[in-house]
Amino acid sequence: MADGKNLGMAANAVRSDDIMKPPTDARAEFVAAFAAALDERSFAKLALGKFRGDGETRKAVATLVAIKDKQQLKLVTSFPRKDETKMFAVEDGINFIKVLIGKQYMSATLFTSVRDVRLDYSRKGVPHLATGKPTLDSSAPVSHDRQKAYLVPPDRPYLKALDVADREGRIKPSMQGKYRQICRFIEIAADLISESAFRDDAPLTVVDIGSGKGYLTFAFYDYVTTTLRRTCQMTGIELRGDLVALCNGLARDLKFDGLTFVAEAASQASSVPADVVIALHACDTATDDAMAFGINTGARLILSAPCCQHEIAPQIRDANEGLKGLIKYPLLKQRQADLVTDAARALLLEASGYKVRLIEFVSTEHTSKNILISAVKSAGVDRFAARQQYRALQDAIGFSTHHLASQLKDAE
Ligand SMILES: C[S@@+](CC[C@H](N)C(=O)[O-])C[C@H]1O[C@@H](n2cnc3c(N)ncnc32)[C@H](O)[C@@H]1O
């Protein structure tokens, strides 16, 4: 329906100076970008055009849908008088679409939340690959919305209690951004919970550090108990006593019997070990304290969205005489420090036996702190290589201390 139009939009959005070279393996690069977008959860949709196969002219659009909690690729092929829909397991879908590109369809456009990627074949059959700014907001596509609405229905009582929704269960205009954040978080958490192979018959234990007003804490608890129908024991840890009192009151009113909040600092967390440790935008080194708590107590899943961290920037020095241009300007130096801080966190998690992914959490429109680091305990991680890479990063950038490293029981 919208694909022809969007293909046009994408063509305009793609910048000619962004042409990627060499073009010889452009199709493989395009397919790799498609697979990576699905893996990193930035995929919005893929559109196929310029049909040159046999039979009636057609175009096709692939989107991601959730069926019984399993993600599937849905491919809708539009003929002049009818649409045909095929559903695939994600990998099968990639393989099916791969074969069509360059044989039946001479153009393919990948829309992600990060960028658009377009593959076009010339009349002589030479493929050209180009990237451009994203023309679609990843939180907007219809099938994703449907999936999100399914995971976080807007009329859930806790959304009203937290003033995200009105009495009729409609999201308030001023809270649309918060609702999108909740949806995105639950979407990511849902996949990771199923990947983490928790025992179905045991209560899921969860600690949320720096829980604030509890938007994501209530959402997570509600998802586990209502959608997954699992027993959950969840503790929100928060410095501010007023927020703790507010959240405990709401949990009581909502009859969320397994959810409690305690007023304490992340570094002093007295909670019992948990299957899942969450820290979303917990300030400064509270993120490191939360990660250290998860690693030291053997959490199977750690989910954190880092906030500001002030420890690395003053330590960055031009160790290899090549960083001057990058650290001369305070703004760039801080950004560089943020990236280094998160890279070091990811490597330390890997070195502690976690499979780590960095995922775009919310659109950069809302906050520049939009990375979510997910860590799933896994036996198949090369811990030694990660430790080496951490040391190499220290050497290259010149920092000697990192709060997370200093909190780990099994460090070095
Ligand atoms: C930006 S809010 C995020 C709240 C919530 N996680 C969310 O994403 O909606 C950060 C919260 O972390 C709390 N906090 C900051 N440092 C903390 C620490 N060291 N220990 C516990 N809580 C902390 C703050 O009081 C604040 O409520």
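The values are calculated or read from the model by the stated rules, or taken from the named source; none is laboratory data. These numbers come from a predicted model, not from an experiment. In this analysis, Cβ positions are derived from the backbone assuming ideal geometry, glycine residues included, and neighbour counts consider all displayed protein chains.
Annotations
- Residue that is nearest to the ligand (Cβ to nearest atom), among those in the stretch 177-211 that are part of a loop (DSSP other than H, G, I, E, B) and of a type in the set (Gly, Ala, Ser): 210
Table: residues versus (1) under 22 Å from residue 346 (Cβ atoms); (2) out of contact with any helix residue (DSSP H, G or I) (no Cβ under 8 Å at 6 or more places or on another chain); (3) among the basic types (Lys, Arg).
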{"position": "236", "(1), (2), (3)": "no, no, no"}
{"position": "243", "(1), (2), (3)": "no, yes, no"}
{"position": "246", "(1), (2), (3)": "no, yes, no"}
{"position": "250", "(1), (2), (3)": "no, no, no"}
{"position": "277", "(1), (2), (3)": "yes, no, no"}
{"position": "287", "(1), (2), (3)": "yes, no, no"}
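- Selection count, the stretch 184-211, where residues are over 23 Å from residue 292 (Cα atoms) and surrounded by 23 or more Cβ atoms within 10 Å (Cβ to Cβ): 1
- Among the residues examined, residue 333 does not qualify as touching a Cys at 6+ places or on another chain (Cβ under 8 Å), in the same structural domain as residue 321 (by TED's automatic domain parsing) and within 18 Å of residue 312 (Cβ to Cβ).
- Screening the candidates 356, 362 for the property of being in contact with a Leu (Cβ under 6 Å, 6 or more places away or on another chain) and either buried (at least 17 other Cβ atoms within 10 Å of the Cβ) or part of a helix (DSSP H, G or I) (or both) yields one hit, 356.
Yes/no matrix, rows are residues, columns are (1) over 20 Å from the mean Cα position of the chain (by Cα); (2) in contact (Cβ under 8 Å) with a residue 40 or more places away in the chain:
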| residue | (1), (2) |
| --- | --- |
| 219 | no, yes |
| 224 | no, no |
| 278 | no, yes |
| 285 | yes, yes |
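- Entirely in the stretch 229-310, the strands (runs of 3 or more DSSP E) that have 3 or more residues that are within 13 Å of the ligand (Cβ to nearest atom) and surrounded by 16 or more Cβ atoms within 10 Å (Cβ to Cβ): 232-238, 276-280, 301-305
- Residue identified as under 29 Å from residue 308 (Cα atoms) and in contact with a strand residue (DSSP E or B) (Cβ under 7 Å, 6 or more places away or on another chain) among 258, 212: 212
- A Cβ distance below 9 Å, combined with a sequence gap of six or more or placement on separate chains, defines the contacts here; from the stretch 167-194, residues that are in contact (Cβ under 8 Å) with a residue 12 or more places away in the chain reach residues that are among the hydrophobic types (A, V, I, L, M, F, W, C) and exposed (fewer than 14 other Cβ atoms within 10 Å of the Cβ) in the pairs 183/149.
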